[in-house]
Amino acid sequence: MAIIGGGLPVIGYWLKKSIRPEGVKLWKTLFHKSACLSCAWGTGGQKGGFVDEDGQVLQRCAKSVEAIASELQPAIPPEIFNNRTISQLQQLDSQEANNLGKLSHPLIKRADSDHYEPIGWQQVYEIVTQAFKVSPERVASYSSGRSSNEAAFVLQLMMRALGSNNLADCSDLCHAASTVGLRNVFGTATSMVSLENLQQTDCVVLIGSNAPANHPRLMNELINIRSRGGKIVVVNPTREVGLVRFGSPASPIKSLIPGSQIADHFLQLHPGSDVALFVGIQKAMLEEDLVDFAYLRAHSENWEAVVEQARSTSWQEIIDTCGISQQEIVNAAHTIGKSEKVVFAWAMGATQQVNGVDNIISIANTALLGGNAGKVGAGLMPIRGHSNVQGFGSMGVTINLKEQIQHALELLLGKKLCSTKGYDTSALIEAASDGKVDSLICLGGNLYAANPNSQFVKKALSQIDTIIYISTKPNQGHFHGLAKQNTLILPVFARFENPHSTTVESGNNFVRLNSSGVSHLKNSSVISEVELLGKIAEKVHGDSPIPWARLSEVQYIRELIAQTIPGYGAIAQIEQTKTEFTIAGRILTEPKFPTSNGKAIMSPTPLPKLECREIEQFDLPENVRAIVLSLITGRSYGQHNTIVYNQGDHYRGMPHRNCILMNSLDAQKIGVSEHQKVTVQGDAGALEQVEVIYGDIKSGAAMMFYPEVNAIFSAKIDPRSGTPAFKRVPVAVWTYQFTDNYSFA
Ligand SMILES: Nc1nc2c(c(=O)[nH]1)N[C@H]1C(S)=C(S)[C@@H](COP(=O)(O)OP(=O)(O)OC[C@H]3O[C@@H](n4cnc5c(=O)[nH]c(N)nc54)[C@H](O)[C@@H]3O)O[C@H]1N2
Ligand SMILES: Nc1nc2c(c(=O)[nH]1)N[C@H]1C(S)=C(S)[C@@H](COP(=O)(O)OP(=O)(O)OC[C@H]3O[C@@H](n4cnc5c(=O)[nH]c(N)nc54)[C@H](O)[C@@H]3O)O[C@H]1N2
Ligand code: SF4
Ligand SMILES: [Mo]
């Protein structure tokens, strides 16, 4: 049977987990009225564990089971931290660190100790309050989008009241380019497409997304769209199996075993070349008379410059840059141009590039040329990552605060907010390295492992006096990202365990209510994030100008959110009404955009110059056969970001994590056959004994998994979004040259 994405292995995973002794707890949690912990597609909430916002049932994938199972682990036995030194803990890989269990008591690692040891909450508050008593620009936060809106709001309010704008967030490493690009063009930074709207589209252009693994429920929508006669255009250097055929467990007879075809067009471009492809599609739309000029004139500005760029860019330049033939581009343009309603959706392949913002603008330009923004069934749809990463942005956890929120916060706090630009994630690490940060509070996440150049990050973090990690489970960052003086790990409840309700926002702007729950941990000193942050805020700020003590109460926080965050008015009553809602003003079904004059503001996007590093720049040993490739770093099927759940990636045929997916032609150029071992070298280090796996990936590109691969490179940063170019890392792949009589067995 041909390999398909999804399919029976997913069912196998469900069965394996459910028949374990903890299976009952797992099922109970799956039915708990709270949003899925895993990705931002979003499911669950008040409608029930398996139901999406449109009431469709069976909307829950194996990823959510994995995430819950991980949060239901027993508490870490105390002897782990008593007996193991820091250097022993540092030996743990991602999966081993996660599998230690759940954090159940606060821990501290002091400067003069080589152990984490238990510490009482009172002492924790003393240390934390002291840490916040430095000058505000020397305090920073980092956050990951798993926590609630309420916790996110308190975090930013506490920081801004202090006078710090240093609100780094995982979105800086993720969809920041979407936020900047969309805001430039449309004045809004999130998806303009609701789930309901997506269901009415005729065509989806899916760019740089491995949705079968990372947003599995989106695949059901794609299957449904195709079964109605709609078209799917995929743009990706890697022919991911699930983007070609996907077996959906939600449709056992029609789809699960045979698999459903997904892509009508598969545009397999060079990494980093999306702008060239989209300018090519624009050019073909012009040449084939598929541009809606009436729409452009009425609803956009500066369209002439975009049209002029597409006209004047030669086909040769386009084809040379993206590596796709003119005929394929024209065919895709036909499908896009002839479809009545088109949704453009994208993920990390588009954003994690040195020209990530241009990628988004070129996608937006293409949509506008066909009149596909501000219309039912059409529009721009960034596919967000973490389950509440978008909520963090909405709550103001960003260094680019919307003016409207800024004014509302100034009114609330009775003072002007600090106007110094804060540190985003990359800037935070640079600042730490320069000794400019004294105190760092991390609400979730794994700052150490999520960033490029692991050794540099480790050293940078070691310049900070106090680091406070607020987490549910241990990760490698807790063991490698150690502060100069005190490193604290503070245990908090996962979403379904909080003693109070919370809310989160999906990538499609739907706000879900998570009911309160009970933790399986007995005799622990775990607390809720809201309670913890509220207490810290109270100790740091006292009782003015707002009653900070009340920031441990979700109802009070929601009233403040309703008062200050646009479109969030309905949150004030959500506990009473249990009515989940779509944020006002986000879904655009009319071509009137939230810009100053209601029009979309277009701008030309220069084609990238995709030169690679020269082999001589790598400082390789003598007598090696080497090739320089553009490395795509991303996720395996069995991991969630920096946390590895399973070692292999069965869909890509990669049996373990120290593999490189390569085009066989590139492997042959250095005389290497499949399963042989190579060294992969970046500008900051090398990984050795890496097994070569052949895959259907564009020649010149290769793929490896993070976080391990973050050890070997320092990424270029997109100057406009601050995002590292994780998807086009120049590496030398090499092997020793053998004597002539050596045969490759
Ligand atoms: N199971 C699981 N689910 C997850 C996550 C997880 O780690 N595991 N993480 C969550 C988070 S935070 C995020 S952000 C999302 C990430 O979801 P994705 O963005 O789907 O994940 P990535 O693995 O980063 O890979 C993106 C795809 O981009 C393609 N690509 C690489 N370079 C280019 C390029 O230049 N152009 C184009 N067009 N494509 C390119 C790659 O081949 C790959 O298929 O998933 C979320 N969901
Ligand atoms: N090379 C490379 N690097 C990348 C990427 C890539 O594609 N390539 N992708 C980037 C992307 S898109 C992202 S989003 C980042 C992810 O970066 P992060 O968001 O920083 O990392 P995660 O691995 O998601 O963080 C996992 C940890 O969060 C904590 N956690 C989980 N749930 C909760 C909760 O409810 N509350 C609290 N307080 N803590 C919790 C747990 O302790 C867990 O160990 O990585 C980025 N790094
Ligand atoms: S697609 Fe995302 S939100 Fe939906 S069940 Fe899977 S992991 Fe959860
Ligand atoms: Mo992400």
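Here is how the numbers come out for the structure above:
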read-out: Cα principal axis extents for region 126-166, largest first, Å; value: 28, 22, 15
read-out: Shape box of region 17-69 [Cα atoms, principal axes, largest first, Å]; value: 33, 17, 15
read-out: Inverse of mean 1/r across different Cα pairs in region 1-143, Kirkwood, Å; value: 18.8
read-out: Distance between region 10-49 and region 260-299 - C-alpha centres, whole angstrom; value: 39
read-out: In sequence order, calculated HN-Hα J values of region 450-458 (Karplus, 6.51, -1.76, 1.60; Hz; x Gly/Pro); value: 7, 9, x, 6, 3, 5, 5, 5, 4
read-out: Residue-by-residue Karplus 3J(HN,Hα) for region 373-389, coefficients 6.51, -1.76, 1.60, Hz, glycine and proline x; value: 9, x, 7, 4, x, 9, x, 9, 9, x, 9, 6, x, 4, 4, 10, 5
read-out: Rg/Rg_ref, region 453-566, where Rg_ref = 2.2 N^0.38 Å and atoms are Cα; value: 1.27
read-out: Rg in Å to one decimal, and Dmax rounded to a whole Å, for region 577-616 via C-alpha atoms; value: 20.8, 65
read-out: Percentage relative contact order, the chain, counting C-alpha pairs under 8 Å, at least six apart; value: 20
read-out: Set Lys421/Lys458; Lys231/Lys338; Lys416/Lys535 screened for pairs whose C-alpha atoms are more than 18 Å apart; value: Lys421/Lys458; Lys416/Lys535
read-out: Additional length obtainable on full extension of the chain from His407 to His115, 0.36 nm per residue less Cα span; value: 100.6 nm
read-out: By average C-beta atoms within 10 angstrom, highest first, the peptides 241-249, 361-369, 669-677, 3-11; value: 361-369, 241-249, 3-11, 669-677
read-out: Apportionment of accessible area to carbon and sulfur, the chain, percent (1.4 Å); value: 51
read-out: Highest-first arrangement of 621-627, 598-604, where packing means the average Cβ count within 10 Å; value: 598-604, 621-627
read-out: Alpha-carbon centroid distance for the pair region 175-239 / region 607-660, whole angstrom; value: 26
read-out: Spin-label proximity, Asn82 to region 107-128 - amide N less than 14 Å from point 7 Å beyond Cα toward beta carbon; value: 116-119
read-out: Net lengthening on full extension, Lys539/Glu674 (0.36 nm per residue, minus Cα-Cα); value: 42.7 nm
read-out: Cross-link partners of Lys16 among lysines (Cα-Cα below 20 Å; sequence separation of 8 or more within a chain); value: Lys25, Lys28, Lys63
read-out: Global geometry of region 346-467, whether rounded, prolate or oblate, following the gyration tensor of its Cα atoms and the 1.5 cut on a/c; value: oblate
read-out: Helical contribution to [θ] at 222 nm, DSSP H n ≥ 4, -39,500 (n - 2.57), averaged over the chain, rounded to 500; value: -9500 deg cm²/dmol
read-out: Positive-end residue, region 414-519 charge dipole about Cα centroid, Cβ charges, pick of Asn451, Ile441, Ser471; value: Ile441
read-out: Prolate/oblate/rounded call for region 375-434, Cα gyration tensor, a/c under 1.5 rounded; value: oblate
read-out: For region 465-473, 3J(HN,Hα) per residue [Karplus equation, 6.51 cos²θ - 1.76 cosθ + 1.60, θ = phi - 60°, Hz, x = Gly/Pro]; value: 5, 10, 10, 10, 9, 9, 8, 9, 9
read-out: Accessible area in square angstrom per residue, the chain, 1.4 angstrom probe; value: 35
read-out: Fraction of antiparallel bridges per DSSP, the chain only, in percent to nearest 5; value: 40
read-out: At q = 0.19 Å⁻¹, base-10 log of I(q)/I(0) for region 267-345 (Debye sum, equal scatterers on each alpha carbon); value: -0.82
read-out: Spatial extent of region 81-212: Rg and Dmax, with the Cα atoms as the point set, Å; value: 21.0, 63
read-out: Cα-based Rg / Dmax (Å) for the chain; value: 25.0, 81
read-out: Net +/- balance of residues flanking Gly517 in space, Cβ distance below 12 Å, scoring K and R +1, D and E -1; value: +2
read-out: Stretch gain in nm, segment Ser314-Glu96, where the contour uses 0.36 nm per residue and the Cα spacing is subtracted; value: 73.2 nm
read-out: Kirkwood Rh in Å, taken over region 657-729 so that all alpha-carbon pairs contribute; value: 13.0
read-out: Cα gyration tensor, region 509-565 - rounded (a/c under 1.5), prolate or oblate; value: oblate
read-out: Modelled label reach - Asp54, point 7 Å along Cα→Cβ, region 225-265 residues with backbone N closer than 11 Å; value: 225
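The values are calculated or read from the model by the stated rules, or taken from the named source; none is laboratory data. Since this is a predicted model, take the numbers as computed values, not measurements. Positions of Cβ are backbone-derived with ideal geometry, glycine not excepted, and every protein chain shown enters the neighbour counts. Side chains included, ligands, DNA and RNA excluded: accessible areas come from the protein's heavy atoms. Shrake-Rupley method; radii C 1.70, N 1.55, O 1.52, S 1.80 Å.
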